[in-house]
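Only one structure is covered here, and it is reproduced in the block below.
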Amino acid sequence: MNYKILRWLSTLAGRLPWTILRRLADILAFFFWHFVPSRRREAIEAISKHLKLPPAEAKLMARQSFRENFLSFLEIIHAGRFFTDQSVRVVYTPEVKAAIQSEKRPIIITTAHLGSWEMMPGLAADILPEREGMVVVRSRKNPVLNRILADLRGARGMLVIDHRKAVDVLLSKLRKGGAAAFLVDHNTNRREAVFLPFLEDVAAVNMGPASIALRVKAAVYPVFLLRDGKGGHILHMLPPLRTEEMEGDVKQRVRNIARFYTEAVDEMVRRYPEQWFWMHKRWKTREDD
């Protein structure tokens, strides 16, 4: 489809109220739940195995996760006005904002496909208005869709970077005091991975953010934006890892940084399991393949 038409449609959709967005998410979730059985099975089996739940409980949680996940996908159309929309509350704690806003090091933000992850670019722009912000993403095959998604994610001034072309830009801007955000919970090929414990199993974890953080001696902040069940959001920011203080050889330090943000994701998924993207084949790449 033509870029201008898609851009017009996304702008029009961005005017929809949150109640309509939730209703659309419910419709999409219903459709996928009933007509894409492979995704349904993937989610149920993953929840049962990794949270140690009986099948009936896993099924209920999987269905709830479908509703939450499709709302997450649709939220991107509201990215540009998320923090000015009075129907949405973001709860900050003073020490969280003070810590990251007074940070002297380059900042790496790590997050997950959990809660309102598509709102994270706007959140970073809101918290760190004085820093040049970047979001590292995995591009789609369709160039028009990539352009639309970049426009939406960058609506509040964030630079959206394809992960395959990210290193040089990231290093340059981080060394000048920038901040970069990464999703760190997706499956990764063996060449880019370290294998670490995650939700009672071993997962291939992307070591790219860890390597970048180490090279610029960044402070690594795990940050998550979760729905509170009342129409609002809660910002969770865990204490940072200061990579400039780490010891050991490069390989070990990269592994320890990746372990740090993987453990943060593990903790938050256990706290809000219904908001995580369980239909993703997270453990597809195996260490012993």
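Observations
- Among I127, I20, I107, the largest mean-square fluctuation in a Gaussian network model of the chain, built with springs joining Cα atoms closer than 10 Å, belongs to I20.
- Cα-based reach from K4 at 28 Å (exclusive), listing lysines while leaving out same-chain residues under 8 positions away: K141, K165
- Full extension of the chain segment joining H34 with K59 gains 7.7 nm, where the gain is 0.36 nm per residue of separation less the Cα-Cα distance.
- Modelled spin labels at T19 and E247, positioned 7 Å past Cα toward Cβ, are 6.0 nm from each other.
- Given +1 at the Cβ of Lys and Arg, -1 at the Cβ of Asp and Glu and no other charges, the dipole of the chain around its Cα centre is 820 debye to the nearest 20.
- Distance between the 7 Å Cα→Cβ label points at D162 and D201: 3.0 nm.
- DSSP assigns beta bridges within region 129-237; of those with both partners inside it, close to 60 percent run antiparallel.
- Remark: the S10-I27 segment gains 4.3 nm on full extension, using 0.36 nm per residue and subtracting the alpha carbon distance.
- Spin-label pair L171/W283, simplified geometry with 7 Å Cα→Cβ offset, distance in nm: 3.6 nm
A short reminder: the numbers here are calculations on the coordinates, not readings from a lab. Remember, predicted model here, so these are calculated numbers, not experimental data. Note that each Cβ is placed from the backbone with ideal geometry, even for glycine, and that neighbours are counted across all protein chains shown.
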